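Remarks on the structure that follows.
The values are calculated or read from the model by the stated rules, or taken from the named source; none is laboratory data. All values reported here derive from a predicted model rather than from experimental measurement. Every residue, glycine as well, gets a Cβ built from its backbone with ideal geometry; the counts of neighbours run over all protein chains shown.
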Amino acid sequence: MTLYDKLERKLSERAQAGLLKRERVIVSRQGTEIRIEGRAEPVVNFCANNYLGLANHPRVVAAARAALDGAGYGLSSVRFICGTQSVHKRLEERLSAFLGTEDTILYTSCFDANGGLFESLLGPEDALVSARLNHASIIDGVRLARCRRFTYVESDPADLERALVEAGDKADTLVVTDGVFSMEGTLAPLDRIAPVAAARGALLVVDDSHATGFVGEHGRGTGEYFGVKPDVVTSTLGKALGGACGGFVGGKKVLVDWLRNSSRPYLFSNSLAPSLAAGALAALDIVESGEGVQLRARLGENTRRFRTAMRQSGFEVRDGVHPIVPVMLGDALLAARMADRLLELGVYVIGFSYPVVPKDQARIRVQLSAAHTPEQIDRAVEAFGIAAGEITSDRSRTSP
Ligand SMILES: Cc1ncc(COP(=O)(O)O)c(C=O)c1O
């Protein structure tokens, strides 16, 4: 059997289990109401990370366009050869001021930021203690590091303590956690984790991709929410901060200087396009303005509206305050059927099942945005009720 035959077989197994990923093609701009190929009517989008609705904000688009005209399309270089323009430096300074870090280093994605962090900081004597539910980019970054590795249960400071004791106190140790666990919509309890890490002399690294711009009073992330200052923050420009591309690491100047000299995705990959850096700067202007305050308030209201109405309609939603709301269904095929039916009803959501989430914990992940209207949210709740009612009565008709 050739490799191609094996791939064919694996793909068809996935298809039979309802686990094959298909891309739906959007033929409009990103937003809360989008058009998708093969469907005449628009659908309401509940699966973008467009938390503040900035993906097509006129000021973000205008800033990116002006940078295209002024700074050009691309740099054809990595940062340290001839790929650094003033807009990159301005964005790094701005992110440092926003997050209260000494310095910040940009990458073309947060996946790269996480991929280039641990390997360059830690050696065989050192230790990494990683939260069990961390994002794939952290898991891969941890794999690349040539150090001792440990995991802990993300919500349990006692388990973190256990892992740190196992790691020993001679080595340099990093504790790394997502600020928000993206399949659960839950926040890492930084207020309980940070003291445990500090007491053992470990540095705390937080990936705030699902928090930067909107969690915490000023949108500075989970650190602000819990009143904790992580030693290192990684995050993305690809979600709330305009939703294009880009990632970064913020921390002490000496650490960032070292990353500029040793982090492989930074040294060996192209520089972020200037238009994207300029768009992110405009997104930060909005985040830090009165409009940002309003957008965060609206996002909070939308999240509460959806969570409350879904519970009242009898759905199981994970507890929490975050705009990621997993609607728990259990069965993978049920989640897939439900998502398909919701799309027919004009609500675009995605079902997640094993191996992305544990077996028998399939779910539909709904993501709210400040740009959703109350009517769109109510329509989604109603559509969930209709789809669940139809699928349940179908099942009872077909069961013996
Ligand atoms: C927690 C977390 N970290 C990192 C990433 C990767 O971010 P980027 O799209 O910038 O590579 C994601 C994206 O899904 C994420 O959820």
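At a glance:
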{"read-out": "Set G279, G238, G221, G246: member being within 29 Å of R200 (Cα to Cα) and either modelled with pLDDT of 95 or more or touching a strand residue (DSSP E or B) at 6+ places or on another chain (Cβ under 9 Å) (or both)", "value": "G221"}
{"read-out": "Residue that is farthest from the ligand (Cβ to nearest atom), among those in segment 95-114 that are hydrophobic (A, V, I, L, M, F, W, C) and in contact with a strand residue (DSSP E or B) (Cβ under 8 Å, 6 or more places away or on another chain)", "value": "L99"}
{"read-out": "Within segment 115-154, considering residues that are assigned to a loop (DSSP other than H, G, I, E, B) and within 16 Å of the ligand (Cβ to nearest atom), the one surrounded by the most Cβ atoms within 10 Å (Cβ to Cβ)", "value": "L117"}
{"read-out": "Residues located in segment 196-240, provided they are among the basic types (K, R) and within 14 Å of the ligand (Cβ to nearest atom)", "value": "K239"}
{"read-out": "Scope segment 307-328; condition over 20 Å from the mean Cα position of the chain (by Cα) and not polar (S, T, N, Q); matching residues", "value": "A309, M310, R311, G314, F315, E316"}
{"read-out": "Extreme residue, nearest to Y348 (Cα to Cα), among residues of segment 38-52 that are surrounded by fewer than 22 Cβ atoms within 10 Å (Cβ to Cβ) and within 16 Å of the ligand (Cβ to nearest atom)", "value": "C47"}
{"read-out": "Matching option when the condition is in contact with a Ser or Thr (Cβ under 7 Å, 6 or more places away or on another chain) and farther than 30 Å from L121 by Cα, among R298, R318, R304, R311", "value": "R318"}
{"read-out": "Count of segment 218-251 residues which are assigned to a loop (DSSP other than H, G, I, E, B) and free of Cβ contacts under 8 Å to residues at least 40 places away in the same chain", "value": "3"}
{"read-out": "Unique match (being under 26 Å from the mean Cα position of the chain (by Cα) and modelled with pLDDT under 95) among N56, N50", "value": "N56"}
{"read-out": "Selection count, segment 56-80, where residues are surrounded by 15 or more Cβ atoms within 10 Å (Cβ to Cβ) and small (G, A, S)", "value": "4"}
{"read-out": "Flag if V254 is within 16 Å of the ligand (Cβ to nearest atom) and either part of a loop (DSSP other than H, G, I, E, B) or of a type in the set (A, V, I, L, M) (or both)", "value": "no"}
